[in-house]
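Below: one structure, written as structure tokens.
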Amino acid sequence: MFSWARLWLVCLTFLGCNAYAKDYLSALNELGRTATAAEISAWDIDVRPDFLGLPSGSGSVAQGEVLWLDQCANCHGDFGDSNEVFSPIVLGNITEADIRTGRVAALTDPSAVRTTFMKVATLSTIWDYINRAMPWNAPKSLAVDEVYSLVAYLLNLAYIVDDDFVLSDENMEDVQALMPNRNGMTKDHGLWSVKGVPDVVGSACTINCSVDTTITSFLPDYAMNAHGNLRDQMRDYGPLPGVQTAPTPQLSVSQPAQSDSLNQIPADLLAVSGCVACHQMNKALVGPGFTAIRARYAGADASTYLAKKIKQGGQGVWGSVPMPGMTQLDDTVVAALALWLASGQ
Amino acid sequence: MPVGASEQEGQLRPAPESFLSEKLISEISHSGVDNGRRDLLRGAFAAALAGASGLTFADDPNIVEVPEWSRSLGKSVATNPYGQPSPFEANIIRRQSPGLTQTDQASVAFTPLQNLFGCITPSGLHFERHHQGWVDIDPRRHRLMINGLVKEPLVFTVADLLRMPSVSRMYFLECGANTALEWGNSAVPTVQYTHGMLSGSEWTGVPLSLLLERAGYDRNASYLLAEGADGSGMTRTINLAGALEDAIVAYGQNGEMLRPEQGYPLRLVVPGVQGVSWVKWLRRLEVGNKAYATKDEASHYVDLMPSGQLRQYTAIQEAKSVITAPSAGQKLLNQGYYCITGLAWSGRGSVRKVEVSVDGGRNWQEARLEGQGSSKMLTRFNFDWVWRGEAALLQSRVHDDTGYIQPQRAALVAERGTRSIYHNNAIQTWRVSPSGEVDNVQLG
């Protein structure tokens with residue numbers, strides 16, 4: 001860590017360094033300048049839980065409602081209960097008992113939607129955030145009294161203050177005493193300081209550890225493609241390609257049973273199905289050439305067998321290189337490919 | 001290309017037909033395989049597999065035929081004045097998790113950990129987490145103010161800061177909500193989405209301590225408020241004692257100026273602490289004697305406990321590790337050797353040891369660590385594994401230099417429940433199926 005003290009210490013150990021260091025430090029101190037009072041007041045807008053930084057002003061629930069419907073309701077809903085764009089700000093789940101105790105009981109209920117007013121313990125937070133960051137697309141455009149009125153409206157929606165309430169810097173502290181979850185926060189944990197004590201530490205066991213390896217959760221098949229085709233989200237060469245999770249594009253296969261079309265090479269089908277990555281027409285690449293396959297099964301009624309081989313893969317018929325099963329291919333596509341392969345003369 | 005095609009590329013294999021005689025091929029073609037011919041085939045395969053001499057091989061056309069890039073004039077220098085990755089790497093990009101957020105400005109784009117190497121995250125792949133969109137700031141018009149409990153409130157220009165003594169240090173950056181989706185159940189399909197709010201970078205800037213000493217900060221103060229210049233005016237309460245140790249007012253990332261998505265031209269670097277405290281587009285630091293309870297430490301970034309209490313000011317990212325490859329959504333196609341690789345880190349210090357289990361945590365073996373494991377930085381680990389087609393449950397577990405050991409998910413959930421959103425540092429399990437497919441699972 002750099003520190004002035006350490007720099008002095010280092011310098012003092014060298015003869016003649018004293019003057020150099022003095023020079024150095026004073027030159028360094030020429031960088032940056034004193035902030036003016038107006039500059040500080042323009043930027044120092046934060047409001048602390050003890051209301052340090054809160055500007056004086058006031059606003060009523062009624063004024064807040066007008067502003068809310070005009071500038072806020074689009075995202076948050078008329079009553080702050082929408083979850084279309086953001087999490088709800090107020091949506092019930094706060095009782096009179098909560099306001100008395102300062103602990104929102106519904107926070108222990110996993111089925112209860114958690115809203116801003118259920119969680120936030122400090123009224124300053126609401127005021128500060130609206131003032132610095134709202135509205136969403138025009139932050140810092142609200143006047144001080146407008147911020148008061150919007151906070152008043154929200155307090156009213158949360159049944160903390162009455163309809164005719166006027167919020168001001170004079171009574172913020174009184175309202176703070178009514179915040180439903182004002183006693184709901186704890187700092188009793190080990191995550192504030194690097195020297196904090198962890199609440200859960202793992203086991204050091206390395207051999208025959210007693211663990212339950214029952215699988216309790218995994219993604220069902222229908223969810224595997226919810227993030228898009230995973231095959232397209234991995235490096236597509238190398239040892240670990242992505243799993244095909246999207247359905248294979250449906251190809252229109254025109255009546256392949258007709259003998260004319262069977263002699264035509266289904267080049268598109270071979271390309272789209274990915275066959276040509278390993279198979280060429282006339283010579284062996286990774287797997288045997290198509291001509292060789294067609295020659296081998298010429299005259300035999302092998303289409304069912306070949307369809308099965310395409311779908312399931314195999315090893316040993318044409319060499320030791322295994323062919324992986326093309327399970328991602330649609331059955332119609334597989335059938336068309338198998339028919340063509342089996343139609344050699 | 002079909003799944004499964006790639007692993008044989010460049011491998012020299014006996015040409016399938018070449019180890020069968022013309023006569024045998026012709027006989028099989030006409031009359032099928034009877035017992036006699038089957039024996040002949042078996043013999044031929046055995047000879048081929050044993051590598052018998054005298055075989056011909058299917059030559060690799062990529063060697064025997066001159067590829068186009070070897071017989072053409074290449075592109076000019078500075079064709080891309082700012083270099084770009086190969087077009088063949090187009091899959092490796094930041095991605096959003098559909099449905100995670102309702103707006104694209106207060107959202108996340110995850111880092112593709114599954115395909116990255118080493119410990120440095122390319123700046124263009126560094127995850128994004130913004131609270132009200134990202135902005136392009138003109139550095140000439142940007143200022144840093146230091147006020148609050150200081151003898152002299154100060155204003156610095158970016159030019160001032162660029163002129164001051166600087167440090168460059170490597171630190172990991174992890175969002176407090178990384179792995180948040182996995183508290184209740186397996187919810188997302190790849191490591192990009194489970195752990196991709198994680199990065200490692202070299203950060204360059206002015207030590208915070210130097211600036212605060214210059215301002216004459218109050219030695220009795222214990223908090224620092226950091227504030228951003230973006231629309232959200234992001235504010236976070238920082239532990240002043242911790243920040244004086246190693247925090248940096250950074251302008252550089254991996255040798256260049258910060259990317260706009262990472263706070264250009266200034267961001268606070270708070271090593272070991274969750275990403276939200278690394279305030280981007282940093283415009284102000286206020287020294288104080290009380291915590292600030294800002295929106296993102298009063299409504300969000302509070303950890304809900306089963307008691308209904310919310311843990312507030314949870315900052316430190318405890319030790320955590322994850323196998324990045326093989327990982328969920330990938331497929332092992334060949335049996336044989338694999339290098340299980342991943343990342344480990346600790347917000348309290350350095351990584352001392354990483355262990356890997358392939359049987360769901362019953363037995364553990366030590367992995368090799370790359371490098372010496374610098375404090376509060378990612379450490380890459382590697383583990384040799386031979387896969388013979390068996391089902392496997394892959395896990396990694398980190399020990400840090402405080403003696404802390406990464407917990408199993410069940411132990412973490414027993415204490416914190418499943419609704420705390422933040423600070424999920426549980427051991428991750430990847431299931432390998434006999435088909436070679438890997439997926440994201442949780443154990444009992």
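Residues of region B:340-368 that are among the aliphatic types (A, V, I, L, M) and under 25 Å from B:Gly176 (Cα atoms): B:Leu343, B:Ala344, B:Val351, B:Val354, B:Val356.
Taking region B:260-274 as the range and being open to solvent by less than 10 Å² (accessible area, probe 1.4 Å) and in contact (Cβ under 8 Å) with a residue 60 or more places away in the chain as the test, the residues that pass are B:Gln262, B:Pro265, B:Leu266, B:Leu268, B:Val269, B:Pro271, B:Gly272, B:Gln274. Taking the conditions (1) more than 7 Å from chain B (Cβ to nearest Cβ); (2) touching a residue at least 60 places away in the same chain (Cβ under 8 Å); (3) buried (at least 18 other Cβ atoms within 10 Å of the Cβ) in turn, A:Val166 satisfies each one other than (3). Under the condition of being facing chain A (nearest Cβ under 7 Å) and in a loop (DSSP other than H, G, I, E, B), which residue from region B:280-300 is most open to solvent (accessible area, probe 1.4 Å)? Selected residue: B:Lys290. Selection of strands (runs of 3 or more DSSP E) fully inside region B:301-416 by the criterion of at least 1 residues being surrounded by fewer than 24 Cβ atoms within 10 Å (Cβ to Cβ) and over 21 Å from the mean Cα position of the chain (by Cα) returns B:336-345, B:379-387, B:392-400. Going through (1) facing chain A (nearest Cβ under 9 Å); (2) within 18 Å of B:Thr418 (Cβ to Cβ) one by one, B:Pro207 falls short only on (2). Please work out if B:Thr314 is in contact with a helix residue (DSSP H, G or I) (Cβ under 7 Å, 6 or more places away or on another chain) and farther than 26 Å from A:Leu31 by Cα. In short, no. The set of residues from region A:312-328 being surrounded by fewer than 22 Cβ atoms within 10 Å (Cβ to Cβ) and either assigned to a strand (DSSP E or B) or at pLDDT 85 or above (or both) comprises A:Gly313, A:Gly314, A:Pro324.
Checking each residue in region B:393-409 for being closer than 29 Å to B:Leu310 by Cα and facing chain A (nearest Cβ under 7 Å) picks out B:Arg397, B:Tyr404, B:Ile405, B:Gln406, B:Pro407, B:Gln408. Scanning region A:67-95 for residues that are away from chain B (no Cβ under 11 Å), in a helix (DSSP H, G or I) and in contact (Cβ under 8 Å) with a residue 60 or more places away in the chain gives A:Leu67, A:Trp68, A:Gln71, A:Cys72. Cβ-Cβ contacts under 6 Å between residues 6 or more apart (or on different chains), taken from a first residue in region B:332-355 that is at the interface with chain A (Cβ under 10 Å from one of its Cβ atoms) to a second residue that is assigned to a loop (DSSP other than H, G, I, E, B) and open to solvent by 40 Å² or more (accessible area, probe 1.4 Å), are listed as B:Gln335/B:Arg388; B:Arg348/A:Val194; B:Arg348/B:Thr402; B:Gly349/B:Ser375; B:Gly349/B:Asp401; B:Gly349/B:Thr402.
Within region A:108-115, does at least one residue satisfy the condition of being in a helix (DSSP H, G or I) and among the hydroxyl-bearing types (Ser, Thr, Tyr)? Within region A:108-115 (the criterion being in a helix (DSSP H, G or I) and among the hydroxyl-bearing types (Ser, Thr, Tyr)), the answer is yes, since at least one residue qualifies.
Would you point out the residue of region A:114-135, among those that are among the polar types (S, T, N, Q) and within 21 Å of A:Gly92 (Cβ to Cβ), that is most open to solvent (accessible area, probe 1.4 Å)? I'd like the intermediate steps shown before the answer.
Here is the first cut: in region A:114-135, the residues among the polar types (S, T, N, Q) are A:115-116, A:122, A:124-125, A:131.
So of that shortlist, the ones also within 21 Å of A:Gly92 (Cβ to Cβ) come out as A:115-116, A:125.
Working: A:Thr115: 1, A:Thr116: 29, A:Thr125: 6 Å².
Result: A:Thr116.
Residues that are more than 9 Å from chain A (Cβ to nearest Cβ) and surrounded by fewer than 17 Cβ atoms within 10 Å (Cβ to Cβ) within region B:422-444 comprise B:Ser433, B:Pro434, listed in sequence order. Inside region A:329-345, residues that are part of a helix (DSSP H, G or I) and within 18 Å of A:Cys278 (Cα to Cα) make up a count of 6.
Within region A:136-163, which residues are of a type in the set (Gly, Ala, Ser), within 14 Å of chain B (Cβ to nearest Cβ) and open to solvent by 30 Å² or more (accessible area, probe 1.4 Å)? Once the filter is applied, which keeps residues that are of a type in the set (Gly, Ala, Ser), within 14 Å of chain B (Cβ to nearest Cβ) and open to solvent by 30 Å² or more (accessible area, probe 1.4 Å), region A:136-163 yields A:Ala138, A:Ser141. For first residues located in region B:374-394 and on the phi > 0 side of the Ramachandran plot, partners that are basic (Lys, Arg) and surrounded by 15 or more Cβ atoms within 10 Å (Cβ to Cβ) and lie 6+ apart or on another chain with Cβ distances below 9 Å form the pairs B:Lys376/B:Arg169; B:Lys376/B:Arg348.
Residue count for region B:162-180 under the criterion of being outside any loop (DSSP other than H, G, I, E, B) and more than 8 Å from every other protein chain (Cβ to nearest Cβ): the result is 9. Quick one: would you say B:Arg368 is among the basic types (Lys, Arg) and out of contact with any strand residue (DSSP E or B) (no Cβ under 6 Å at 6 or more places or on another chain)? Considered against the rule, which asks whether it is among the basic types (Lys, Arg) and out of contact with any strand residue (DSSP E or B) (no Cβ under 6 Å at 6 or more places or on another chain), B:Arg368 comes out as no. If you check B:Ala90, B:Ala109, B:Ala46 for being within 13 Å of chain A (Cβ to nearest Cβ), open to solvent by less than 90 Å² (accessible area, probe 1.4 Å) and at pLDDT below 90, only one passes: B:Ala46. Among the residues of region A:231-245, some residue qualifies, meaning at least one is more than 7 Å from chain B (Cβ to nearest Cβ), closer than 25 Å to B:Tyr338 by Cβ and of a type in the set (Val, Ile, Thr). The number of residues in region B:131-157 being open to solvent by less than 10 Å² (accessible area, probe 1.4 Å) and away from chain A (no Cβ under 11 Å) comes to 1. Considering only region A:212-244, how many residues are modelled with pLDDT of 95 or more, hydroxyl-bearing (Ser, Thr, Tyr) and either assigned to a loop (DSSP other than H, G, I, E, B) or open to solvent by 60 Å² or more (accessible area, probe 1.4 Å) (or both)? So the count comes out to 3. Considering region A:179-198, the residues that are buried (at least 17 other Cβ atoms within 10 Å of the Cβ) and hydrophobic (A, V, I, L, M, F, W, C) include one that is farthest from B:Pro271 (Cα to Cα), namely A:Met179.
The values are calculated or read from the model by the stated rules, or taken from the named source; none is laboratory data. A quick note: this is a predicted structure, and the numbers were derived from the prediction, not measured. Using ideal geometry, Cβ is built from the backbone for each residue, glycine included, and neighbour counts are taken over all protein chains shown. Only protein heavy atoms, including side chains, enter the accessible area calculation; ligands, DNA and RNA are left aside. Shrake-Rupley method; radii C 1.70, N 1.55, O 1.52, S 1.80 Å.
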